[in-house]
Amino acid sequence: MQLLWLRLPLRLARVWPGAGIALSDGHYLTRWPPLALLAAVPCLAIGVALGAMHQGRTFTYSLLLLLVLGVIGQLGAAFGLWATIGYAFGDLVLHEAVAYDTTIVRHVLPSLLSYAVLGLLTVMIPLTAIGTRGVVRSLRALSEAVKRIAEPVAAGVVGVLGGYIWAQTTPLLIRPVFTWAQDSPDTAAIAPLQNGRWVIATTLGAAAVGRVFLDRYAVRGKTATFSHILWAGLGAEIGRGPRRGAAGWLLTLLGAVGATLLMAGVIDSWVQGVLVLAFFAGLLALRHYLILSNPRFVALLARIPLPARLAAGLVLAYLIGKVVISHYWYSTQTFLPVLASACAAIAVITLLTLPPPGREQETLPLPRRTGRS
């Protein structure tokens, strides 16, 4: 159990912080050791079954499938990751849609991109909720009584906003599943997202709130001690900062490639693809440089509370998107306005939310020991 919930997340956190945190999210199950050991099995099984039996070429044909996977992710990003891996296997290997095409470019690669989009629902939104809860807990200006109320409220808001934004953007992000196979996107693949976006949003919000109270019930006694050790270890690993030297720059380049592929649904040509890759490479290289070589600037930025910086970034991103899309939407038949506004918004939020040097562990949720196990 220690290998599953402690050693593996700590080792991965040094290379890829997000992966380490994701694999540790759900460790409240250590209160019930048999569940902690076997939790991956039902998540994988559910994912395989949904991947093998869903309709159409992708997961968006079924609102129920999205709700099930979204709730699993809110119970723990690790559970969402396992369910997504299971879905990928079921969809890529067992689903009858494999008969459409088995080539790498037309079927395998776009399918892999769609699983990354699904991971935004099952892993990234839950991690964002966890991080927001940690920020609320770290606010010294709030009393403990206020924090206990603000924490589930903040988690619920993240769940609602994350679910809504995901439902709005996914129709564009999954376009390669159809367009790279020389087909047009199917209306039936988009309808559940358009008609059920508020269902997705409210379900994720409710699940995020429920997760707060589940943690409060489970993280006590020995489980709370284990949680302290785990989060302290993650904070220490992440607090070392990004990798230096060639390894750090290689990870930066890989991140740029991943971000570019994720945006493939709104990229209309190879030229745009190269430009977007160069943009993300430059953005992530700048972030890498600032964190490693300009700690004074990062520390100065960190004086502004993270919620304020994030709110400012979201407002600026919204304004940029509104101006760019409304000005150029009717002057082009491509997705260039959407692509440009998305890149600008990502740049703003990325640079405004740089992690404070050597203090990342303070933003992680650190449950206090209360009661007995």
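The values are calculated or read from the model by the stated rules, or taken from the named source; none is laboratory data. A quick note: this is a predicted structure, and the numbers were derived from the prediction, not measured. Ideal geometry is used to build each Cβ from the backbone, glycine not excepted, and the neighbour counts take in all protein chains shown. These accessible areas exclude ligands, DNA and RNA; they are computed on the full protein's heavy atoms, side chains included. Shrake-Rupley method; radii C 1.70, N 1.55, O 1.52, S 1.80 Å.
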Just by accessible area at a 1.4 angstrom probe, what is the order of M53, M263 from largest to smallest? M53, M263
Reduced to Cα centres, the span from region 1-75 to region 227-276 in Å works out to 21
In Å and on Cα atoms, what radius of gyration and Dmax does region 140-240 show? 19.5, 58
Region 1-146: radius of gyration over Cα atoms, expressed as a fraction of 2.2 N^0.38 Å: 1.17
Counting only heavy atoms of the protein chains, get the accessible area per residue of region 1-145 (1.4 Å probe) and round it to a whole Å² value. 44
Note down the nm distance, to one decimal, between modelled labels 7 Å out along Cα→Cβ at Q168 and at F213. 2.9
Nearest 20 debye, what's the magnitude of the dipole of region 62-179 about its Cα centre given +1 on Lys and Arg Cβ and -1 on Asp and Glu Cβ? 500
Protection proxy ranking of 291-299, 201-209 - average other beta-carbon atoms within 10 Å, highest first: 201-209, 291-299
Percent of Cα-Cα distances greater than 18 Å, calculated over region 71-214: 61
What order do S62, S341 take when sorted by accessible area (1.4 Å probe), most exposed first? S62, S341
Using the reciprocal of the averaged 1/r over all distinct C-alpha pairs, how large is the Kirkwood radius of the chain in Å? 21.6
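Of the listed peptides 167-175, 270-278, what is their order by residue-averaged count of other C-beta atoms within 10 Å, with the highest listed first?
Numbers: 167-175: 20.2, 270-278: 14.4.
Ranking, from highest mean packing down: 167-175, 270-278.
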About the Cα centre, and with charges only on the beta carbon of Lys, Arg (+1) and Asp, Glu (-1), how big is the dipole of the chain? Nearest 20 debye, please. 1680
What is the distance, in nm, between label points placed 7 Å from the Cα along the Cα-to-Cβ direction at W16 and at L161? 2.6
How much accessible surface does W249 have with a 1.4 Å probe, in Å² rounded to 10? 120
With r as the distance between the Cβ atoms of L8 and V108 and R0 = 30 Å, compute the FRET efficiency 1/(1 + (r/R0)^6) and round to 0.05. 0.65
With a 1.4 Å probe and all protein chains left in place, how much of the accessible area of the chain comes from carbon and sulfur atoms, in whole percent? 69
Burial ranking of peptide ranges 138-144, 150-156 (average Cβ count within 10 Å, highest at the top): 150-156, 138-144
For the pair L351/R296, report the inter-label distance in nm, with labels modelled 7 Å from Cα in the Cβ direction. 1.9
Compare P305, P185, P126 in a GNM of the chain, Cα atoms joined below 10 Å, and give the one with the largest fluctuation. P305
Round to the nearest 0.05 the FRET efficiency obtained for R240 and K147 when R0 = 22 Å and r is the Cβ-Cβ distance. 0.15
